[in-house]
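*Asks:* First the structure, then my questions, so here it is.
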Amino acid sequence: MRAVLILAAVLLLIIGLVATFAPPLRLVQVEVEGATVVDSQAVGTLVQQILNQRRFFIWPQDHQLWYPRTEIKAKLEQTFPRILAVELAVAPERTLRVSLTERSPRLLLCTPQAANCFFVDETGLAYTQAPRFSPGVFLEWRASTTATSAPFVAADRAVVTRLLTAQTLFTRALDQISDRTWQLPQVSSLPNKDFAFTVWPRYRSATTSENWQILIDGVTPAADLATNFFLALKTISHESATSSVFAPQYIDLRFGEKVFYKL
């Protein structure tokens, strides 16, 4: 009986070694999909380098059953900040398929003097430096930051969503009230976590400035702000009915249903 057990153990060891080092179970190539801005070749090279390593200097990491999924995902997200998510799957012909989801820019975070701007995605991560754009391409968020290079967390997801939603709803309200077409290309951070949207005509003269501001707090839901904003616009439009220009100096929505404005 003892001899049988020893023989069985030896056979299991041999089978295990064959399964570990057998070529049919080893990954020999990497296929990258979903890369638009990220360099797919660089991604594939990095993944292949990880697969070529050995665990404890013995066990190959390119085995289909235990290739290092967590390590590959973490390394890719660390090396390429533009990558939002990574999915790994074994494909035919001993291939590891790497599916990428890239971050999409939702707004620009710029220093107060716009010396540096960064793309910010929906999660609030400033993931790469951005070039200069014409006003209105992205919502430009002016805020102080000590960061000089990406990636860094600019805000949480809720702040990004709230700013973008407020921009959309305020623009929609202006389109309903005013004969002119307005845009809200910029928002600035204020003390106490308040914000100030800058409003100007979409087609404005280069020699005149009709900019005005919408002041909001950092708590009230965007839908409630938009409701109060629309009611204020209706009142202002009646008061300025005899004027050919609809351009208040500011509308302050930071105090609940008490809305303040100056013409």
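The values are calculated or read from the model by the stated rules, or taken from the named source; none is laboratory data. No experiment lies behind these values; they were computed from the predicted model shown. Virtual Cβ from ideal backbone geometry, glycine too; neighbours counted across all protein chains shown.
*Asks:* Check off (1) of a type in the set (Val, Ile, Thr); (2) in contact (Cβ under 8 Å) with a residue 40 or more places away in the chain; (3) crowded, with 16+ Cβ neighbours inside 10 Å for ILE72 and give me the number that stays unchecked.
*Replies:* The single condition ILE72 does not satisfy is (2).
*Asks:* Going by what's in this entry, would LEU109 be described as farther than 30 Å from TRP66 by Cα, part of a helix (DSSP H, G or I), not hydroxyl-bearing (Ser, Thr, Tyr) and not assigned by TED's automatic domain parsing to the domain that holds VAL28?
*Replies:* Taking the combined requirement at face value, the residue does not satisfy it.
*Asks:* Could you identify the single residue in LEU169, LEU233 that is part of a helix (DSSP H, G or I), aliphatic (A, V, I, L, M), modelled with pLDDT under 95 and under 17 Å from ILE251 (Cβ atoms)?
*Replies:* LEU233
*Asks:* Which one is nearest to PRO185 (Cα to Cα), of the residues in region 113-142 that are touching a Phe, Trp or Tyr at 6+ places or on another chain (Cβ under 9 Å) and among the small types (Gly, Ala, Ser)?
*Replies:* That would be ALA130.
*Asks:* When you look at LEU65, is it touching a helix residue (DSSP H, G or I) at 6+ places or on another chain (Cβ under 9 Å), in a loop (DSSP other than H, G, I, E, B) and of a type in the set (A, V, I, L, M, F, W, C), yes or no?
*Replies:* yes
*Asks:* Another question about this same structure. If you go through region 125-166, how many residues are acidic (Asp, Glu) and part of a strand (DSSP E or B)?
*Replies:* Selection size over region 125-166: 1.
*Asks:* I need the full set of residues from region 172-193 which are in a helix (DSSP H, G or I) and touching a helix residue (DSSP H, G or I) at 6+ places or on another chain (Cβ under 6 Å), in order please.
*Replies:* Those that are in a helix (DSSP H, G or I) and touching a helix residue (DSSP H, G or I) at 6+ places or on another chain (Cβ under 6 Å): ALA173, ILE177.
*Asks:* May I ask you to list the residues in region 32-63 that are crowded, with 16+ Cβ neighbours inside 10 Å and either among the acidic types (Asp, Glu) or at pLDDT 90 or above (or both)?
*Replies:* Within region 32-63, VAL32, GLY34, ALA35, VAL38, SER40, VAL43, GLY44, LEU46, VAL47, ILE50, LEU51, ASP62 meet the criteria.
*Asks:* A follow-up question, please. Condition (residue is part of a strand (DSSP E or B), touching an Asp or Glu at 6+ places or on another chain (Cβ under 6 Å), closer than 30 Å to LEU27 by Cβ and charged (D, E, K, R)) applied to region 78-100: is it met by at least one residue?
*Replies:* There is at least one residue in region 78-100 that is part of a strand (DSSP E or B), touching an Asp or Glu at 6+ places or on another chain (Cβ under 6 Å), closer than 30 Å to LEU27 by Cβ and charged (D, E, K, R).
*Asks:* Looking at region 128-138, can you tell me whether even one residue there is touching a Ser or Thr at 6+ places or on another chain (Cβ under 6 Å) and either more than 13 Å from VAL43 (Cβ to Cβ) or acidic (Asp, Glu) (or both)?
*Replies:* The answer is no, given that none of the residues of region 128-138 is touching a Ser or Thr at 6+ places or on another chain (Cβ under 6 Å) and either more than 13 Å from VAL43 (Cβ to Cβ) or acidic (Asp, Glu) (or both).
*Asks:* Moving on. Kindly establish whether LEU174 is at pLDDT 95 or above and not hydroxyl-bearing (Ser, Thr, Tyr).
*Replies:* In short, no.
*Asks:* Right, here's the next one. Look through region 156-193, keep the residues that are surrounded by fewer than 16 Cβ atoms within 10 Å (Cβ to Cβ), of a type in the set (D, E, K, R) and touching a residue at least 40 places away in the same chain (Cβ under 8 Å), and return whichever of them is farthest from PRO135 (Cα to Cα).
*Replies:* Among them, the one singled out is ASP179.
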